[in-house]
1. In Å and on Cα atoms, what radius of gyration and Dmax does the chain show?
2. Rounded to the nearest 20 Debye, what is the dipole magnitude of the chain about its Cα centre when Lys and Arg each give +1 and Asp and Glu each give -1 at the C-beta?
3. Taking the chain as the reference, fit the longest principal axis to its C-alpha atoms, fit the long axis of helix 253-262 to the helix C-alpha atoms, and give the angle between the two in degrees, 0 to 90, nearest 10.
4. Compare the Cα positions of Ser122, Val206, Ile217 along the charge dipole of the stretch 108-282 (+1 at Cβ of Lys, Arg; -1 at Cβ of Asp, Glu; about the Cα centre) and return the one farthest towards the positive end.
5. How large is the charge dipole for the stretch 18-104, taken about the Cα centre, if only the Cβ atoms of Lys, Arg (+1) and Asp, Glu (-1) carry charge, to the nearest 20 debye?
6. If you average the alpha carbon positions of the stretch 133-173 and of the stretch 202-221, how far apart do those two centres end up, in angstrom?
7. What's log10 of I(q)/I(0) for the stretch 108-282 at q = 0.08, 0.09, 0.18 Å⁻¹, Debye sum over Cα points only, no solvent?
8. Report relative contact order for the stretch 108-282 in percent, whole number only (criteria: Cα-Cα under 8 Å, sequence separation at least 6).
Amino acid sequence: MSENEFYAEFESEDTQKQQPLPEKLFGKKQNYTPVHKFRGYCGGYTALADDGTLVFVKRFDSCNKKYRDAIYLNEARFIPLLAKEGITPKLLDQGLYEPLIIQPFIEGQNLEDHISHNELPSSSKTREIAIPLFKTAQKMHDHHITHRDLKSANIIIPHTGNSPNYKKPYIIDFGFAKRTGELDHLSDLFGTLNYQAPEQMMGGTVDNRTDIYAGGIILHEILTGDVPFNISNRPQLYRAKRKGPIKLEIEDERIAQALSKATEPDPQKRHQSFNEFIEAMQKRKFWGWLAPKVGL
Ligand SMILES: Nc1ncnc2c1ncn2[C@@H]1O[C@H](COP(=O)(O)OP(=O)(O)O)[C@@H](O)[C@H]1O
Ligand SMILES: [Mg+2]
């Protein structure tokens, strides 16, 4: 199969088709009436549960049929594990007759929408958004789960009233996630091109440092309102990413350097964990300046 055929197949044949909302979705615990379908890869609905609560139902009706089961199983096995830690919303129910993932509907916005609806943040606001997010990603890695499709659209910033609660972001969409070291038939090539580290673009070994690269791209997006590299051609994009880390001309050097290190083409040269990434981003404390001067 050529590379183009591979991607043509992956870009689901029915992603673009407009389908009417199903009347009812049947869960194991109760039934759900869809209200609205999200634009997205796999098909998410807001729906009203029989008990009157608003839920998010992922139906996997838009994603490629060949990969549907694997994507569904990944969500079903990782969500309960990660929800315990508050990393992702709870798994409330599953489908009775078809693959369905039912989670509470989170009032808020995904980070991509949040960025496009707001002014560019100051560097302290950037830290306020990015640090809790990276802490959440670190917790995910502490559970030995590599996401492989980390991006702003897969992060929810909940709202309390009208105010975004940056302290408690959720990471969602574990369809392509894998346990560290696990070999699966969902190739490491999956994911969203702009956020992919070079090794992922080439089908090389993907590990947590691949998510760190994606974290760097998200940080770029928070800072500038957009992802870097306005290139849609895969080989050209790969070459641009291989050339070197992203250098952003911004006043806050700590953030610029942390971003640069996250996007090193060689995974060995990146931050080796989200904790290291956070540490590099944080403002240097007073003793941090003093220590070298007094020989500590
Ligand atoms: N529990 C939820 N509450 C509210 N909105 C959600 C929830 N889960 C997902 N979404 C929204 O639906 C979009 C698509 O969900 P996602 O799980 O990423 O599916 P896809 O595989 O289609 O990308 C997200 O970008 C987010 O805006
Ligand atoms: Mg998604």
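1. According to the Cα coordinates of the chain, Rg and Dmax are 19.8, 71 Å.
2. Working: 39 positive and 39 negative charges, 166 e Å.
In debye, rounded to 20, the chain gives about 800.
3. Rounded to the nearest ten degrees, it is 60.
4. Of the options given, the answer is Val206.
5. 240 debye
6. When both Cα centres are located, 15 Å separates them.
7. Once normalised to I(0) and log-transformed, intensities are -0.21, -0.27, -1.17.
8. Working: 286 pairs, mean separation 41.7, N = 175.
The normalised contact order for the stretch 108-282 reaches 24 percent.
Where a number appears in this text, it was derived from the coordinates with a stated rule and is not lab data. Note that the structure is a prediction, hence the values are computed from the model and not measured. Ideal geometry is used to build each Cβ from the backbone, glycine not excepted, and the neighbour counts take in all protein chains shown.
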